[in-house]
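> Can you read through this structure? Questions will come right after.
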Amino acid sequence: MSLTSAATLATLDRTGPRRITDLAAVEGVTQPAMTALVRVMEESGLVERRGDASDKRVTLVCLTEVGASYVRTRRQAGVHAFERLIGELTGDEVEALVAALPALKHLAELESQDREGPKR
């Protein structure tokens with residue numbers, strides 16, 4: 001799976017259903033590229049398109065249960081990888097990471113706000 005596909009699934013997991021144009025802007029790709037990507041992910045059963053109840057002209061891309069499971073599995077694999085790597089650090093290095101956590105959390109929040117852009 002491409003990084004853009006994985007990032008798109010993660011965005012849908014975090015923010016809920018989105019328009020293709022919104023997803024393209026958030027992921028930094030063209031609308032035609034996102035349309036093609038969504039088509040591939042739809043064929044794989046990871047996402048589905050649904051109408052927007054508030055605007056019948058709009059189609060939203062939604063994460064399926066298979067897609068949500070994929071995102072959870074990838075996140076858990078990342079957690080396990082970091083656990084293993086942190087286990088190889090010295091006590092001082094672990095303490096330095098713990099001290100940096102508030103700043104890292106703030107950076108992640110700022111990045112998430114930038115990536116999410118306008119919500120729909």
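> Within the stretch 30-46, identify whether any single residue is in a helix (DSSP H, G or I), at pLDDT 95 or above, touching an Asp or Glu at 6+ places or on another chain (Cβ under 7 Å) and acidic (Asp, Glu), and answer yes or no.
Yes.
> I've got another one for you. Of all residues in the stretch 1-29 being in a loop (DSSP other than H, G, I, E, B) and among the hydrophobic types (A, V, I, L, M, F, W, C), which is farthest from Glu43 (Cα to Cα)? Talk me through it step by step, then tell me what you get.
The initial filter retains those residues of the stretch 1-29 that are in a loop (DSSP other than H, G, I, E, B), namely 1-2, 16-17, 19, 28-29.
With among the hydrophobic types (A, V, I, L, M, F, W, C) added as a condition, the list becomes 1, 29.
Working: Met1: 13, Val29: 20 Å.
Filtering the stretch 1-29 for residues that are in a loop (DSSP other than H, G, I, E, B) and among the hydrophobic types (A, V, I, L, M, F, W, C), the one farthest from Glu43 (Cα to Cα) comes out as Val29.
> Restricting attention to the stretch 17-32, and to residues there that are among the β-branched types (Val, Ile, Thr) and open to solvent by 30 Å² or more (accessible area, probe 1.4 Å), which single residue is nearest to Thr73 (Cα to Cα)?
Filtering first and then ranking leaves Val29.
> Within the stretch 63-83, can you find the residues that are in contact with a strand residue (DSSP E or B) (Cβ under 8 Å, 6 or more places away or on another chain) and open to solvent by less than 30 Å² (accessible area, probe 1.4 Å)?
Quick first cut of the stretch 63-83, residues in contact with a strand residue (DSSP E or B) (Cβ under 8 Å, 6 or more places away or on another chain) only: 63-64, 67, 71.
Residues satisfying the conditions are Thr64, Gly67, Val71.
Residue-wise test of (1) open to solvent by less than 50 Å² (accessible area, probe 1.4 Å); (2) on the phi < 0 side of the Ramachandran plot; (3) of a type in the set (D, E, K, R).
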| position | (1), (2), (3) |
| --- | --- |
| Thr15 | yes, yes, no |
| Ala36 | yes, yes, no |
| Met41 | yes, yes, no |
| Ser44 | no, yes, no |
| Arg57 | no, yes, yes |
| Val61 | yes, yes, no |
| Thr90 | no, yes, no |
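The values are calculated or read from the model by the stated rules, or taken from the named source; none is laboratory data. Quick caveat, the model's predicted, so the values are computed rather than measured. Neighbour counts run over all protein chains shown; Cβ positions are idealised from the backbone, glycine included. Just so you know, the surface numbers come from the protein's heavy atoms only, side chains and all, with ligands and any DNA or RNA stripped out. Shrake-Rupley method; radii C 1.70, N 1.55, O 1.52, S 1.80 Å.
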